[in-house]
Every structure is written in C-alpha cells, then in structure tokens.
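K.L.:
Starting off with a structure, shown below.
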Amino acid sequence: MLVQPASPPPQGLELGFDVVWLGIVYGAIDGLLLVVLPVFATLKAMEIKGWTKRWRGRIGGDALALAISLFVIAVYHLGYPELRGPEVVTIMLGVGVTALAYLITGNPLTPVHAHIAMHIAAVFHGLNTVAQLPPQYYTQVIRS
C-alpha cells in the first residue's frame with residue numbers, strides 16, 4: 001500500500017465514519033467473501049467427498065481452496081474498471097497471502113483481521129488514491 005500515492009486522510013467525524021464503515025465493516029465483509037467463504041466451502045466439499053482423509057488429499061484440497069479463493073479475488077476486482085490491469089495481480093497476491101494464512105492456521109479470523117487492518121491503513125494512507133478501498137466514485141457518492 002505504501003508504494004501507492006498518499007492523499008490527505010479525512011478528519012473528525014468523517015475519519016471515524018470511514019474507519020468504521022470502510023475499515024471495519026467493508027474490510028470484514030471483503031475478508032469473509034473473498035477468502036473465508038471460498039476456502040471454507042472448498043475444504044468442506046472435499047471433506048464431505050472424503051478426499052481429505054489422507055495427507056495428499058488434504059494438501060490437494062488446500063491448494064484447490066487457495067486457487068478458488070484467488071479466482072474469486074480476481075473476478076471480484078476485475079469488476080472495477082480501474083483495476084483491470086496489473087493492479088489485480090498485486091491485489092491477488094496480497095489477499096492470497098491471507099488465504100494462505102487461513103489455510104495454515106485454520107482460523108477464519110486470520111484473513112478477516114488482516115483485511116480489516118489493511119482497510120483501516122488504507123483510510124489513513126489515502127482514501128482517494130489507494131486500490132484497497134472502494135473506487136473513488138463510490139466514496140464520492142457516499143460523501144455527496
């Protein structure tokens with residue numbers, strides 16, 4: 001995030017609103033939908049099928065869950081016209097690390113907390129210039 005241009009953070013109540021809404025709420029929802037849901041659903045489906053009883057199946061299931069999460073991350077972010085370039089690969093890598101952390105720890109709060117922290121940091125670094133927050137037209141509509 002720090003390689004992106006900075007912009008002045010909001011002040012006062014606007015800062016509080018942005019930290020709560022864009023940082024905590026939006027960050028938690030992003031973490032749940034982009035990482036926890038696809039990873040959990042994939043692992044559960046593989047478990048139901050009995051494919052994870054052996055260590056090879058478990059490793060394969062983890063790899064498939066990570067791949068599906070990366071696919072969901074890519075499709076979601078490609079929906080934003082301003083993220084249809086090399087930025088999407090950077091985003092996939094960043095969020096993909098949180099999916100890997102979830103697979104390693106088995107704790108779904110790992111990617112959620114990481115996503116919340118990243119969104120809050122983005123509010124302070126540059127609400128109008130970072131790719132980690134909703135596109136600028138979205139934040140402009142909220143402020144109108």
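K.L.:
Give me the pairs, please: first residue somewhere in the stretch 73-101 and exposed (fewer than 12 other Cβ atoms within 10 Å of the Cβ), second residue anywhere and modelled with pLDDT under 95, beta-carbon distance under 6 Å, and either six or more positions apart or on two chains.
P.N.:
GLU82/PRO135; ARG84/LEU78
K.L.:
Can I ask one more? Out of ASP30, ASP62, which single residue is under 20 Å from LEU127 (Cα atoms), of a type outside the set (S, T, N, Q) and buried (at least 18 other Cβ atoms within 10 Å of the Cβ)?
P.N.:
ASP30
K.L.:
Taking VAL25 as meeting all but one of (1) of a type in the set (A, V, I, L, M, F, W, C); (2) in contact with a helix residue (DSSP H, G or I) (Cβ under 6 Å, 6 or more places away or on another chain); (3) over 17 Å from ASN107 (Cβ atoms), write down the number of the exception.
P.N.:
(2)
K.L.:
For the stretch 6-51, which residues satisfy the criterion of being small (Gly, Ala, Ser) and either touching a Phe, Trp or Tyr at 6+ places or on another chain (Cβ under 6 Å) or under 18 Å from VAL95 (Cβ atoms) (or both)?
P.N.:
GLY23, GLY27, ALA28, GLY31, ALA41
The values are calculated or read from the model by the stated rules, or taken from the named source; none is laboratory data. Computed from a predicted structure; not experimentally measured. As a convention, Cβ positions derive from the backbone with ideal geometry for all residues, glycine included, and neighbour counts pool all protein chains shown.
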